[in-house]
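Worksheet: the structure to be examined is printed underneath.
Read-outs throughout are calculated quantities, based only on the coordinates presented, and are distinct from any laboratory measurement. What you see is a predicted model; the values in this text were computed from it and never measured. With ideal geometry, Cβ positions are generated from the backbone for all residues, glycine too; neighbour counts draw on all protein chains shown.
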Amino acid sequence: MRVLVVGSGGREHALCWSLAASPLLTRLWCAPGNPGTATCAENVPIAAADIAALVGFARENAVDLVVPGPEAPLVTGLADALAGAGVRCCGPGAAAARLEGSKSFAKEVADAAGIPTALWERFEDAGEALAFVRRRGAPIVVKADGLAGGKGVVVAASTEAAEAAVADFMQARRLGAAGAAVVIEECLAGDEVSLFALCDGTDALLLGAARDHKRLGDGDTGPNTGGMGAVSPPPGLPPEFPEAAMAGIIRPALAELARRGTPFRGVLFAGLMLTADGPKLLEFNVRFGDPECQVLLLRLKSDLLAALLAACDGELGDFDLRWREEAAVGVVLAARGYPGAAAQGGVIAGLPQAAEIPGAYVFHAGTEVQDGRIVAAGGRVLTVCALGGDTAAARDSAYRAIAAIDWPDAIFRRDIGA
Ligand code: AMP
Ligand code: GLY
């Protein structure tokens, strides 16, 4: 099998690392990749957004399977373009990728499928949105309807904050067209958990649950980020929860999309709030999370490539995956300044020493090679992960690996998995 992974983050490094172990693999590329993917795949200088070039590369190189990491190319039709060229893609076509590309589409599907979710309403008119906010009061949640790279949600504690979010999205257009319409919804309270399923259009296979830590600072303080760390399985989650969520959330969504004639293939990621009334859907994503992917794949014992192929071929019905009993913890090392302007170019030493800590793995994201040295070249720069007998052991190894890394610009949370 000749496989092309699309993307350049820690998620894509983990995907390449896992796929590289498959006995089915003959050749592996990553577009555009990073210095980490370069250790287990051949990097190809094509941007993840360049659909025409990705399809051209796949054709010219007889690629059997494309594995997209990020959502943006899926929302703009990468899987459809590949299908047109006769290349398998383990990701949804644009119609099903609207689950992530449009918050209101996801809410409509949830309502039609009977999936519990926060009460919501969609607005295209800022005046109506503001009137709704004033009528409902706080706390309330304002979401840009379109794709916003994690910057389109405001959980407003006051009416004023919600009004400011409406003005920011709809009038100032801070997110461009993504904020032309908003979804305003009921604010839910509880612990969050992310659930991942591999889907073949009809059947779904559990990939596991993880807890992400989106805030920059310890104790969930500070600004939102793309994710500063992840733990799988989430401590305290009842063992029967994942299968119950498959039955109540993932499979109904798949059935509804199939009924609409736009079946979902690929990784479906449900962000859930564990409320006093049971789990409720916060959002769907149409891909692995980053850094959740890193900790999930560390726990996978089965061949990832065989599973992704089965998903593409509609054969998950009698497929089974085996998982390690160990827990996995992943801590993101970001560059000082993130999520704002991050310090670039700092030399990162000690990576071989970190990888020697038993159970530890270092996945690259925003790194670059300069004069033979690894330097910081992004916001989220590394995900330092470890497996352990339990969460505490995994956490201990991950932080010991971090201690071995010499990079003065690193910022990271000290409470992942605590
Ligand atoms: P989303 O991108 O929709 O997952 O939203 C990002 C984050 O906002 C989630 O991870 C939650 O922490 C929070 N959030 C989203 N929707 C709600 C809601 N209805 N109630 C409370 N928090 C929410
Ligand atoms: N870590 C959250 C995400 O990938 O969306």
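Between residue 353 and residue 202, the modelled labels are 5.6 nm apart [label points 7 Å from Cα along Cα→Cβ].
Enter the Cα centre distance for the pair the stretch 325-377 and the stretch 153-207, rounded to the nearest angstrom. Value for the Cα centre distance between the two parts: 29 Å.
What percentage of all Cα-Cα pairs in the stretch 193-327 are separated by more than 22 Å? Looking at the stretch 193-327, the distances longer than 22 Å represent 37 percent of pairs. The length gained by stretching the chain between residue 276 and residue 306 to full extension, at 0.36 nm per residue less their Cα-Cα distance, is 6.9 nm.
Using a simple spin-label model with pseudo-atoms 7 Å out from Cα toward Cβ, residue 320 and residue 415 lie 4.1 nm apart. Normalised radius of gyration (Cα atoms, divided by 2.2 N^0.38 Å) for the chain: 0.94. Neighbour counts of C-beta atoms inside 10 Å place 347, 286 in the sequence 347, 286, starting with the fewest. Our note on the geometry: Cα centres of the stretch 274-305 and the stretch 17-38, 21 Å apart.
Listed by chain and number, the lysines whose alpha-carbon sits under 25 Å from that of residue 280, ignoring those within fewer than 8 places in the same chain, are 103, 107, 143, 151, 214. Each label was represented as a point 7 Å from its Cα along the Cα-to-Cβ direction; for residue 155 and residue 344 these points are 3.2 nm apart.
Relative contact order, whole percent, for the chain stands at 16, derived from Cα pairs under 8 Å and 6 or more residues apart.
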